[in-house]
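Some notes on the structure that comes next.
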């Protein structure tokens, strides 16, 4: 009966969301306080019901209830407990249930922490959020029911996709969904503001924490996915420009642009229309990502489903919400009159350039992602757009962004001079040049990528902390710890971006790759390391069969590591996987992949020396940490400092 309770709770949550979508919105239009206030208990009730529904499905997976079709298709009695739990969202139906649970979570958070919002704005925000929930409840109930029972339950299940049976993939989707769905709050605030015709500094202060939280979760989710691909798939890379990878990256870029644009609205009451548009498009690209993953229109190793019916439903959701929001934007944008005036060379101007670079970069990724679909639909040509296109089309925008970011951060509001803004960065420029010289000195025979990337990354890192030092003024180092957390958060996040720049450039320019047939006990050299394949033996796990190699690594006669790469076969699904063995280090990774046994003896072995590999994910975690530090700043909490009375009627165009 637990599955039936979960299904019933899902339907009740759908009904509550319909109420939350309509009654508070009518109350806001009529000025009826009681109707507006009913949005808060409705949002909390929706979360409670969704927690019951999701909990029921989790119990079905943990107890291996194979009478539930979804459990049969994605679980097995011999699977470890952690993968039984992650199997709840390791499929289409369960992941959509997680999606609406997070929608309800953000809606209830707005209800709990939005007490200082004007009542009409809060009611409209929660109403729009509920409208998004209603669409996805309908999608689940009518096309993707996770509680469907089987008439004749089998004794065991078909197991979860072996590629998903990994700790990285257990945590990657929830973080990614927290980012995707978190952007729905920025969307709800934008639509509510368009209905009211009210966008000002207080609105920007309210919307920034939600956008920042979503951006943090997206950053962590993308980093976890990249790290999983690096160590699990055995190909040695960290980013493939796969359509589904791109689907998560585009909202991240637009969310970053939205964060910076909202600063201008908060500080200078400018860029109002642009900020509203970014809020709509950031969530819009989250929905586009959902469509790509679940429609089957684009081939990807990450795709959950290939059902055209589901794809059409999601496309309809996308058309209604984004199309409706853009139509409302077209009617209301003229009311979002900018008050601040600024020169092109100013903090505002730098933030505008930042926004343009991030938005155009996202558009380039979008074009590269959908172009194969467009070519097939209109010209009947089957083609693929791979890393070479993205590397050449996307990279220039990031280079320009890295150059201008430290300078723009130090420019004053309204008007600036370039010479004065560059003066505090002299030391940062000298240090970045020194790093470039050092990299150049050890890069003989390598491309210029290492030098350029190391220089740009160092410029970002040293520039970020130069700004912190400048803000201490004459008080010196003693004032550093008393600076606002938002200043520290910005510096850490920008430094994290710089660390990632350095890592990506150096790993691509300096990595060493060796592919060979390795004979047992026959040493071979890769870079400064000597490796020896000692043996390949049977090493079965709880639900898989495996062959495990033993590879010893030495350097200058000293033991460095013993690595155990594996080839696994999961009998239930009959699917082979490759488990790379990695010796992680601060400066480099040693990466070994076991291939097939050769007819004439020996084993195929692929080995890499990957310099600064862990700096990629370290930089991403620094960016997320910077966002988290900023989020704890009192000024950026929901409605902090925004208690002044606000009109609820539309603002007339000046």
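Some points to look at:
- Of all the listed residues (454, 402, 393), the sole one being in a helix (DSSP H, G or I), closer than 23 Å to residue 238 by Cα and touching a residue at least 60 places away in the same chain (Cβ under 8 Å) is 402.
- Of all residues making up the range 135-161, the number that are farther than 18 Å from residue 105 by Cα and either within 23 Å of the chain's Cα centre (by Cα) or outside any helix (DSSP H, G or I) (or both): 18
- Filter result (under 24 Å from residue 117 (Cβ atoms) and surrounded by fewer than 18 Cβ atoms within 10 Å (Cβ to Cβ)) within the range 20-68: 22, 26, 29, 30, 31, 32, 33, 34, 37, 41, 44, 48
- Exactly one residue out of 363, 378 is loosely packed, with under 13 Cβ neighbours inside 10 Å, on the phi < 0 side of the Ramachandran plot, without any contact (Cβ under 8 Å) to a residue 24 or more places away in the chain and assigned to a helix (DSSP H, G or I): that is 378.
- For the range 538-562, filtered to residues that are assigned to a strand (DSSP E or B) and out of contact with any strand residue (DSSP E or B) (no Cβ under 7 Å at 6 or more places or on another chain), the residue that is surrounded by the most Cβ atoms within 10 Å (Cβ to Cβ) is 559.
- A single member of 59, 88, 132, 100 is assigned to a helix (DSSP H, G or I) and under 30 Å from residue 569 (Cα atoms), and it is 59.
- Any chance residue 51 is touching a strand residue (DSSP E or B) at 6+ places or on another chain (Cβ under 8 Å) and closer than 24 Å to residue 178 by Cβ: no
- Scope the range 564-597; condition part of a loop (DSSP other than H, G, I, E, B) and at pLDDT 90 or above; matching residues: 564, 565, 580, 584, 585, 586, 587
- Looking across 162, 153, 173, one residue alone is within 28 Å of residue 125 (Cβ to Cβ) and at pLDDT below 95. It is 173.
- Residue in the range 284-303 that is at pLDDT below 85 and under 23 Å from residue 259 (Cβ atoms) present: yes
- The single condition among (1) part of a helix (DSSP H, G or I); (2) within 27 Å of the chain's Cα centre (by Cα); (3) crowded, with 24+ Cβ neighbours inside 10 Å; (4) at pLDDT 90 or above that residue 71 does not satisfy is (2).
- Filtered residue count, the range 528-564, keeping only those that are within 35 Å of the chain's Cα centre (by Cα) and in contact (Cβ under 8 Å) with a residue 60 or more places away in the chain: 3
- Flag for residue 421 being crowded, with 18+ Cβ neighbours inside 10 Å and either at pLDDT below 85 or within 33 Å of the chain's Cα centre (by Cα) (or both): yes
- Hits in the range 603-654 - residues which are on the phi > 0 side of the Ramachandran plot and modelled with pLDDT under 90: 639, 641
- In the set 26, 18, only one residue is touching a helix residue (DSSP H, G or I) at 6+ places or on another chain (Cβ under 8 Å), in the same structural domain as residue 147 (by TED's automatic domain parsing) and free of Cβ contacts under 8 Å to residues at least 24 places away in the same chain; that residue is 26.
The values are calculated or read from the model by the stated rules, or taken from the named source; none is laboratory data. Treat the numbers as computed from the prediction; the structure is a model and nothing was measured. Glycine gets a Cβ as well: all are built from the backbone with ideal geometry, and neighbour counts include every protein chain shown.
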